[in-house]
Amino acid sequence: MSELLALRLANKWADFVVVPRAELYDEHVLNRVGTLTKAGFVVFKLRVRGAQVLCGGASWDRFLNHFAAWPVIQH
């Protein structure tokens, strides 16, 4: 399972950040990325600088448009 986050730049949908749930957990627990809310949710704030995606100062470039684990849809 993965989480799909849509990035919006200059009032347009630009790219997608595709992060497997296990890696989201690792980012939060091991790398201390994301903020735990009082309700028990983890909030990840992403920042885009040119072609670079950052979350809490960590590079998330490897997740940018990373659809390799998704099945190919035949039309």
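Bear in mind that the values in this text are calculations on the coordinates, not laboratory data. Quantities reported herein were computed from a predicted structural model and do not represent experimental measurements. Note that we place each Cβ from the backbone using ideal geometry, even for glycine, and neighbour counts take in every protein chain shown.
Summarising the amide proton neighbourhood of residue 3: residues at separation of 5 or more, or on other chains, whose placed amide H is nearer than 5 Å comprise 19, 21.
Backbone amide hydrogens, once placed in the peptide plane, bring residue 60 within less than 5 Å of 53, 54, 55, excluding anything fewer than 5 places away on its chain.
Show me the trypsin sites (Lys or Arg not before Pro) within the chain that DSSP assigns to loop and that have at most 12 other Cβ atoms within 10 Å of their Cβ. For trypsin sites (Lys or Arg not before Pro) across the chain that sit outside H, G, I, E and B with at most 12 neighbouring Cβ atoms in 10 Å, the list reads 32, 38, 45. Distance from the C-alpha centroid of segment 27-75 to that of segment 1-22: 8 Å, rounded to the whole angstrom.
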